[in-house]
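Chemist: For reference, the structure I am asking about is given below.
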Amino acid sequence: MKDKKLPIQKKESRAESSIVAALDIGSSKICCFIAEVKNPGSIEVIGIGHQAAKGVKAGTIVDLRAAETAVAHAVEAAELMAREKLQGRPIKSVFVNVPGMHTLPHPLSVDVKISGHEVSEKDVKNALSHSRSVVVPGKEELIHIIPAGYSIDSTRGIREPRGMIGQTLGVNITAITGLAPALRHLSAVAGQNNLEIDGFCATPYASGLAASVGDELQLGCTVIDIGGGTTSIAVFFEGKVVYSAAVPVGGIHVTNDLARGLITSVADAERIKTLYGHAHATGIDNGEMIDVPPMGEEEHEQPNYVPRSFITSIIQPRIEETFELVRAKLVDSGISQIAGRRCILTGGASQLPGLCDIGQLILDKKIRLGKPRSIKGLAEATGGPAFSTAVGLLVYAGEHADEIPAVASGRAFTLPGPLNSPMLQKVTHWLKENW
Ligand SMILES: Nc1ncnc2c1ncn2[C@@H]1O[C@H](COP(=O)(O)OP(=O)(O)OP(=O)(O)O)[C@@H](O)[C@H]1O
Ligand SMILES: [Mg+2]
């Protein structure tokens, strides 16, 4: 680990531009995926590294140095696996997720005068650049500018306005901002590993991109990523993300409840949860008894049996609380009206049996479990729901990079780091050529 010094340093040489890297900084694990993007829709994972998280609590970096070290290990492992394609060179930049609780969605509608001429790229970018008006300077930074629909004069529902003629171009936009302190800490952790930031992506947005299938996002869908320390929520409508948030509860809270309730270690509570945990009393235990190692006794001689139903009775209230908090977020935001009844549960903690049943009851939605879409090079061990965010970051990089504020509206971030990224240098060049 290198000594702390900002601004971000550049590496000697860098990998091919078709190589993208994703860094998921989670509360339980930190992982780095490196992929080759040949064209949108063709993503091949060539390197994977993951590590138990350090320095991250409930989605927030609480110890920069510890997080930097864990990131270093994850990135090095991914680089090692991808060394042939990278020709031994280190990756230079990454797409990084921003936990839902550090993001704010800002829906807005913008009208720009086109006065009878054809709508040009410049008009669209001009409309999108109004997104900056939602930002509270010093407190937030734009991380996504997503055009959610266009109108020309009184004609609504236009998908592609460029080339059309009218007086006024209307654009519905979902602008998502990230809270500045969280972005600065993510930038610092990346920077200490000599990584520039290609773009930030809201965690549940990334997870939704990875875990959805067919036309789910088009039809309208809520994506809930239950991770270790957070439960992130995104709502998609007509294929676009329109809402992103999170509640600070996840699988770690269930494990800690079990450790307290069973008076056992966190490691044993985690094992018991994974092997015997269930989200609600279903009668599956049939009086089954589970041996719980007492705290501090590594090789306990006498079995310490507890009814499996007792384990469930500890888990269930926390799961109910989590879904209640999610429901409150959706109701308070007013988004539940358009969110519809379709829902995907993903994230590592979504693997707890019985979760969907409780979610369906509390959220009044039709829920299915989602794991990352199948991507070439993704091994079974890293194809589970805990990796939806990392895979989603690659999908975002490969298919949605035009939603990065600097690309969408022709303005850059103000935080250190991204301004230097190769992608933004290309954008700056493009802007000079076209404006
Ligand atoms: N089979 C399983 N059954 C129940 N829970 C599981 C299972 N496997 C993993 N988990 C839980 O998943 C959680 C980790 O999920 P994940 O890897 O998605 O978290 P994260 O992305 O690091 O955290 P966050 O997104 O909250 O910052 C842990 O709390 C772990 O106990
Ligand atoms: Mg996560």
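The values are calculated or read from the model by the stated rules, or taken from the named source; none is laboratory data. Predicted model, so just to flag it, every value in this text is computed and none were measured. All Cβ positions, glycine included, derive from the backbone under ideal geometry; neighbour counts span all protein chains shown. Quick note on the areas: whole protein, heavy atoms, side chains included, nothing else; ligands and nucleic acids left out. Shrake-Rupley method; radii C 1.70, N 1.55, O 1.52, S 1.80 Å.
Chemist: As a quick test, which of the pairs K54/K240; K329/K371; K92/K329 have an alpha carbon distance above 29 angstrom in this structure? Please list the in-between numbers first.
Modeler: Values: K54/K240 33 Å; K329/K371 23 Å; K92/K329 37 Å.
Result: K54/K240; K92/K329 exceed 29 Å.
Chemist: In deg cm²/dmol and to the nearest 500, what is the mean residue ellipticity at 222 nm of the chain if only DSSP H runs of at least 4 residues count, each as -39500 (n - 2.57), divided by the residue total?
Modeler: On the way: 14 runs with 149 residues, N = 435.
Only helices count here, giving -10500 deg cm²/dmol.
Chemist: Which distance in Å, rounded to a whole number, links the C-alpha centroids of the range 237-280 and the range 332-400?
Modeler: Each part's Cα centre sits 15 Å from the other's.
Chemist: Okay, moving on. Most fluctuating residue of A52, A180, A246 in a GNM of the chain with Cα springs under 10 Å: which is it?
Modeler: Result: A52 has the largest fluctuation of those listed.
Chemist: In percent, how large is the relative contact order of the chain, given Cα pairs closer than 8 Å and 6 or more residues apart? Can you show the working numbers first?
Modeler: Working: 1025 pairs, mean separation 83.0, N = 435.
Dividing the mean separation by the residue count of the chain yields 19 percent.
Chemist: Once whole DSSP H runs in the chain are found, which of them have Cα atoms spread over 30 Å or more along the helix axis and a mean Kyte-Doolittle score of at least -0.5?
Modeler: On the way: long enough: 308-333 (38 Å, 0.04).
Qualifying helices, which must be both long enough and hydrophobic enough, are 308-333.
Chemist: How much length would be gained if the chain were fully extended between K376 and M289, taking 0.36 nm per residue of separation minus their Cα-Cα distance, in nm to one decimal?
Modeler: Working: separation 87, 0.36 × 87 = 31.32 nm, distance 4.27 nm.
27.1 nm is the gain from fully extending K376 to M289.
Chemist: Once the whole set of protein chains is in place, how much accessible area is left on H73, using a 1.4 Å probe, in Å² to the nearest 10?
Modeler: The accessible area of H73 comes to roughly 90 Å².
Chemist: Here's a follow-up. Given contacts defined as C-alpha pairs under 8 Å and at least six residues apart, what's the relative contact order of the range 213-372, whole-number percent?
Modeler: Values: 298 pairs, mean separation 42.9, N = 160.
Reported as a whole number, the value is 27 percent.
Chemist: Still on this structure, please answer the following. With each label point set 7 Å from Cα along the Cα-Cβ vector, what nm distance links D402 and E321?
Modeler: 4.5
Chemist: Follow-up question, since we're still on this one. What whole-number value in Å² describes the accessible area per residue of the range 257-346 for a 1.4 Å probe? Show your work: numbers first, answer last.
Modeler: Details: 5110 Å² over 90 residues.
The answer is 57 Å² per residue.
Chemist: Whats the longest run of the chain with zero GluC sites (Glu not before Pro) that are DSSP loop and have at most 15 other Cβ atoms within 10 Å? Don't jump to the answer; show the numbers that get you there.
Modeler: Details: sites that count: E12, E16, E238, E288, E297, E298, E299, E301.
In the chain, the maximal stretch lacking such sites is 17-237.
Chemist: Pull up all non-local amide H partners of S93: gap of 5 or more, or a different chain, and H-to-H distance under 5 Å with H placed in the peptide plane.
Modeler: Distant-sequence amide H within range of S93: E196.
Chemist: Another question about this same structure. Note down the accessible area of V292, probe 1.4 Å, to the nearest 10 Å².
Modeler: Using a 1.4 Å probe on the heavy atoms, I get roughly 0 Å².
Chemist: Between S154 and S42, what's the calculated FRET efficiency when r is the beta-carbon distance and R0 is 45 Å? Round to 0.05. Kindly include the intermediate steps, with their values, before the conclusion.
Modeler: Working: r = 40 Å, r/R0 = 0.89.
So the FRET efficiency works out to roughly 0.65.
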